[in-house]
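The values are calculated or read from the model by the stated rules, or taken from the named source; none is laboratory data. Values in this document were obtained by computation on a predicted structure and should not be read as measured data. Glycine also receives a Cβ, built like all others from the backbone with ideal geometry; neighbour counts cover every protein chain displayed.
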Amino acid sequence: MDTYTLFAGQFLPFNERYLPGGHNACAGSGTALALRHVYKALEDKNADLAQARWDETPAGMFAGREAAGAPVLIIPKAGENRLYICLDAEAAEKKISPEQLIKKSPAKAAASGCLYCATASPSHPFDLIEKVRRGWSAAGAAYIHILCPCPTAWGFEMENTVRIARMAVESRIFPLYEIAEGHYNITVEGVRPRTVADYAGRQARFASWKKAQIAALQEQTDKLYAQLQASAAREMN
Amino acid sequence: MATKSSKQMTAVSKLLDQLIKDGKVEAFAAAEKPLKPVWDKLVCARCALCYLYCPDAAISRQDDGYFDADRDLCKSCGICHRECWFGAISMQEVE
Ligand code: SF4
Ligand code: SF4
């Protein structure tokens with residue numbers, strides 16, 4: 001064994017169950033990348049992905065307004081339980097609004113009975129894979145909300161898909177956390193957060209936003225993140 | 001793998017419907033001279049990040065432990081080039 005076989009990536013399965021003949025998504029599609037990671041996570045789990053089906057995420061009880069209309073992959077588990085994987089490309093509304101950016105779905109899903117809920121981003125593949133596996137092995141229904149940047153609709157260079165996803169996490173507008181049986185846990189906590197302005201400045205969809213709007217979004221993001229930290233800290237004591 | 005057709009579907013779910021349908025994959029309408037990733041084995045540390053981040057699953061591990069892309073599957077997005085920490089991948093015009 002040489003030094004480089006110790007890189008974490010080398011421990012993942014290298015066979016490709018994910019559409020080996022290619023697919024029709026655009027170049028640099030965040031949705032396709034997230035889906036590939038989901039397949040990777042369930043590769044050795046006996047998950048019957050042929051039985052998985054697509055639907056639209058229902059608004060209301062189960063998912064927040066921001067996820068309404070986003071495609072959701074429904075994977076049957078043992079018993080009547082399901083693993084719901086929402087691929088959120090923030091495309092439900094023509095113009096981007098704060099409601100679309102702030103995710104309420106995981107908390108809602110937890111409140112409506114999902115035992116394991118989490119947010120995930122394809123920029124953090126190990127975190128994503130771990131969460132999908134936890135969701136799979138949870139004793140009840142599980143919900144994973146994945147952010148899928150879309151170069152065309154969001155307006156950035158297609159080579160930056162993973163970067164933009166990472167920035168969303170770093171700017172804390174899309175924090176990575178999980179709610180396991182009601183217990184909050186922040187899984188990726190940046191040391192030096194980015195500003196929301198930095199994240200927004202790289203995407204054409206924010207071009208019409210005023211400085212004040214960005215500042216308001218920053219304030220809202222900080223407030224929600226503080227709340228999240230408080231819920232996570234409460235669990236620790 | 002059926003999707004609801006009654007409801008108006010968003011562009012994304014339509015895309016996904018296409019994405020996982022068992023039908024033929026349409027030829028990707030690429031730029032005239034698409035740039036493809038080329039690996040520099042002297043620089044590559046075999047960390048597998050490029051492999052992990054390719055949305056088209058075009059990159060695979062070769063027998064020697066290094067990576068290479070299937071040029072037919074690759075859509076020239078440049079993510080692998082962008083994400084390699086070591087700068088081992090360059091996008092080049094290849095025949
Ligand atoms: S990301 Fe770069 S260093 Fe890592 S395996 Fe790919 S080419 Fe090599
Ligand atoms: S350019 Fe894009 S599609 Fe081609 S190998 Fe790199 S990541 Fe994959």
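Tally the residues that are in a loop (DSSP other than H, G, I, E, B), within 12 Å of ligand 2 (Cβ to nearest atom) and among the polar types (S, T, N, Q), restricting the search to segment B:38-84.
The first filter runs over segment B:38-84 and keeps only residues in a loop (DSSP other than H, G, I, E, B), leaving B:40-48, B:54-58, B:62-66, B:70-78, B:84.
Restricting the remaining residues to those that are within 12 Å of ligand 2 (Cβ to nearest atom) gives B:54-58, B:70-78, B:84.
Pick out the ones that are also among the polar types (S, T, N, Q) and you get B:76.
Summing the residues that are in a loop (DSSP other than H, G, I, E, B), within 12 Å of ligand 2 (Cβ to nearest atom) and among the polar types (S, T, N, Q) in segment B:38-84 gives 1.
Return yes when A:PHE156 is in a helix (DSSP H, G or I) and in contact (Cβ under 8 Å) with a residue 12 or more places away in the chain and no when it is not. No, not satisfied. When the criteria are applied in full, B:ALA48 meets the requirement of being in contact with a helix residue (DSSP H, G or I) (Cβ under 6 Å, 6 or more places away or on another chain), more than 15 Å from A:GLU159 (Cα to Cα) and either small (Gly, Ala, Ser) or more than 10 Å from ligand 1 (Cβ to nearest atom) (or both).
Restricting attention to segment B:52-68 and to residues that are surrounded by fewer than 22 Cβ atoms within 10 Å (Cβ to Cβ) and in contact (Cβ under 8 Å) with a residue 24 or more places away in the chain, the residue that is farthest from the other protein chains (Cβ to nearest Cβ) turns out to be B:ASP68. Regarding A:HIS145, is this residue more than 23 Å from B:TYR53 (Cα to Cα) and in contact (Cβ under 8 Å) with a residue 24 or more places away in the chain? No. With respect to the numbered conditions (1) at pLDDT 90 or above; (2) part of a loop (DSSP other than H, G, I, E, B); (3) out of contact with any Gly (no Cβ under 8 Å at 6 or more places or on another chain); (4) within 10 Å of chain A (Cβ to nearest Cβ), which one is the sole condition not fulfilled by B:GLY87? Going through (1) at pLDDT 90 or above; (2) part of a loop (DSSP other than H, G, I, E, B); (3) out of contact with any Gly (no Cβ under 8 Å at 6 or more places or on another chain); (4) within 10 Å of chain A (Cβ to nearest Cβ) one by one, B:GLY87 breaks only (4).
Going by the conditions given, is A:SER208 exposed (fewer than 14 other Cβ atoms within 10 Å of the Cβ), within 23 Å of A:TYR39 (Cβ to Cβ), of a type outside the set (Asp, Glu) and over 17 Å from the mean Cα position of the chain (by Cα)? Break it down stepwise before answering.
On the way: exposed (fewer than 14 other Cβ atoms within 10 Å of the Cβ): yes; within 23 Å of A:TYR39 (Cβ to Cβ): no; of a type outside the set (Asp, Glu): yes; over 17 Å from the mean Cα position of the chain (by Cα): yes.
No: the conditions fail for A:SER208.
Contact map, segment B:74-85: first residue at positive phi, second residue part of a loop (DSSP other than H, G, I, E, B), Cβ cut-off under 6 Å, separation 6 or more or different chains; pairs are B:SER76/B:PRO34. What's the total number of residues in segment A:165-215 that are among the hydrophobic types (A, V, I, L, M, F, W, C), in contact with a Ser or Thr (Cβ under 8 Å, 6 or more places away or on another chain) and under 29 Å from A:GLY135 (Cα atoms)? Total satisfying the criteria: 6. When the residues of segment B:69-84 are filtered to those that are surrounded by fewer than 22 Cβ atoms within 10 Å (Cβ to Cβ), over 10 Å from the mean Cα position of the chain (by Cα) and farther than 20 Å from A:VAL38 by Cβ, the one that is nearest to the other protein chains (Cβ to nearest Cβ) is B:ARG82. Quick one: in segment A:72-109, of everything that is in contact with a strand residue (DSSP E or B) (Cβ under 9 Å, 6 or more places away or on another chain) and without any contact (Cβ under 8 Å) to a residue 24 or more places away in the chain, which residue is surrounded by the fewest Cβ atoms within 10 Å (Cβ to Cβ)? Within segment A:72-109, the match that is surrounded by the fewest Cβ atoms within 10 Å (Cβ to Cβ) is A:ILE74.
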